[in-house]
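**Student:** Quick one: this structure, given as C-alpha cells, is what I'll be asking you about.
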Amino acid sequence: MGFLNGKRALIVGVASDRSIAWGIAKAMHREGAEIAFTYQTEKLKPRVEKLAAHADSDIVIPCDVSSDEEIDALYGELDNYWDGFDILVHSVAFAPRETLEGLYLDSVSRDGFNAAHEISSYSFAALGKAARPMMANRGGGAMLTLSYIGAVRSMPGYNVMGLAKASLEANVRYMAQSLGRENIRVNGISAGPIRTLAAMGIKGFRKMMHYYEKAVPLGRSVTTDEVGNTGAFLCSDLASGITGEITYVDGGFNTVGLSEGLLSEE
Ligand code: NAD
Ligand code: 0WE
C-alpha cells in the first residue's frame, strides 16, 4: 500500500530518464498512483512511451505548452481515459539559449523575456485552469511545479529565467488562493542543480555544479529521486495542510551564508 494509492497524476515535462519529471513519476508510481504523460515534440514521443511503459502507463499525449490548442487537445484526449484526476505536475522551462549566458542586461530582449515567461510561468496557470474541472470531479487535488533559487537570488547566467521563476513562484501563491476552497492545493519545489538535458544545454553548468557541491551543507548535489520523493509527498494527502508553498530540495544550499566547505579549501 502506497501513500498515493488510487490517485491519478498527469505529468508534463518528461524528456529523458534524467528529467526531474521522471524522478517524480517513479516516486508517484511506486506509491501507487496511475500516471499519464505528455511529450513536447514528436522526436520525444518514442522515448516518453518507453518510460511510460516502465511506469505501467500507456497514456502518452502530445502537448507543446506554448499552444492553447494543444493544451485543449491534451485535456480532450485525457478525457478518453479518465473522468477526472488528482495530481498535475508541471516540470517545464524554456528561455532562448542566448539569454542564458553573460550578464542579464546584455542578453535580455523583449522576445526572450516574453518566451521565458510564457513557457516557464504562464503555462502552469494555463494547465492548472484547464485541470480544474477534472479535479473538481474527484473532490480536490494537488498541483506541483519546479523552481530554482535564481527566482529569489541573482545567479550568474540564469538571467531572464530568474524573472520567469519569480513569476512562477508568485503563480503558485495566486493559484493556491484561487483553488483552495475547491480543495486543490498548489505547491512548488525549488531544486538544486541537477545534470538533466535542460541543464546540460547551459554554458558553465559544470563549473557552477563544482562550486555548489563545495558550498552546500550536504556536500553533494541532490538527485531526481530525492526531488521525486518530496514531490510525491507534497501531492499526497500526507501534505493536506500545505499549499502556496515553495519547498527547497537543494541539500541546504539556500540556508547558507558563508560556506564551511569553501573556507576549508584554503
Ligand atoms: P528536462 O530537459 O529533462 O525537462 C524540461 C522539460 O521541459 C522537457 O521535457 C521539455 O520537453 C519541456 N519543455 C520545454 N519547452 C516546452 C514546451 N514549449 N512545451 C512543452 N514542454 C516543454 O530538464 P529538467 O531539469 O528536468 O527541468 C524540469 C524543470 O525543473 C524545469 O522547470 C527546470 O527549470 C526545473 N529545475 C531544474 C533544475 C536543474 O538543475 N536541472 C534545478 C531546479 C529546477
Ligand atoms: O531552469 C533551469 C534551466 C532551464 C532551461 C534550460 C535551457 C537549455 C536550452 C531553460 N531554457 C533553456 N533553453 C535552451 O535553449 N535550470 C534550473 C538549470 C540551470 O540553468 C542555468 C543554471 C541552472 C542551474 C543557467 C545558468 C546558470 C545556472
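**Student:** Within the range 200-230, take every residue that is small (G, A, S) and exposed (fewer than 14 other Cβ atoms within 10 Å of the Cβ) and give me the one that is farthest from ligand 2 (Cβ to nearest atom).
**Tutor:** Only one residue fits best here, namely G219.
**Student:** Take the range 173-199 and flag every residue that is surrounded by fewer than 17 Cβ atoms within 10 Å (Cβ to Cβ), among the hydrophobic types (A, V, I, L, M, F, W, C) and out of contact with any helix residue (DSSP H, G or I) (no Cβ under 9 Å at 6 or more places or on another chain).
**Tutor:** Within the range 173-199, L197 is the sole residue that qualifies.
**Student:** Go through S178, S107, S147 for me and flag whichever is within 12 Å of ligand 2 (Cβ to nearest atom) and closer than 30 Å to F85 by Cα.
**Tutor:** Residue meeting the stated conditions: S147.
**Student:** For the range 99-113, give me the residue count where each residue is of a type in the set (G, A, S), surrounded by fewer than 16 Cβ atoms within 10 Å (Cβ to Cβ) and within 16 Å of ligand 1 (Cβ to nearest atom).
**Tutor:** Residues in the range 99-113 being of a type in the set (G, A, S), surrounded by fewer than 16 Cβ atoms within 10 Å (Cβ to Cβ) and within 16 Å of ligand 1 (Cβ to nearest atom): 0 in total.
**Student:** Hey, can you tell me all the residues within the range 198-232 that are closer than 26 Å to Q40 by Cα and hydrophobic (A, V, I, L, M, F, W, C)?
**Tutor:** Once the filter is applied, which keeps residues that are closer than 26 Å to Q40 by Cα and hydrophobic (A, V, I, L, M, F, W, C), the range 198-232 yields A198, A199, M200, I202, F205, V222, V227, A232.
**Student:** Filter the range 89-103 down to residues that are touching a helix residue (DSSP H, G or I) at 6+ places or on another chain (Cβ under 8 Å) and of a type outside the set (A, V, I, L, M, F, W, C) and give me whichever is farthest from ligand 2 (Cβ to nearest atom).
**Tutor:** Of everything passing the filter in the range 89-103, H90 is farthest from ligand 2 (Cβ to nearest atom).
**Student:** Ok, one more. Looking only at the range 128-138, decide whether some residue is assigned to a helix (DSSP H, G or I) and near ligand 2 (Cβ under 10 Å from one of its atoms).
**Tutor:** no
**Student:** Scanning the range 232-266 for residues that are over 19 Å from S190 (Cα atoms), more than 24 Å from the chain's Cα centre (by Cα) and not hydrophobic (A, V, I, L, M, F, W, C), which turns out surrounded by the most Cβ atoms within 10 Å (Cβ to Cβ)?
**Tutor:** S259
Bear in mind that the values in this text are calculations on the coordinates, not laboratory data. The shown structure was predicted, so the numbers you read here are calculated from the model rather than taken from an experiment. Don't worry about glycine lacking a Cβ; one is built from the backbone with ideal geometry, like all the others, and counts go over all protein chains shown.
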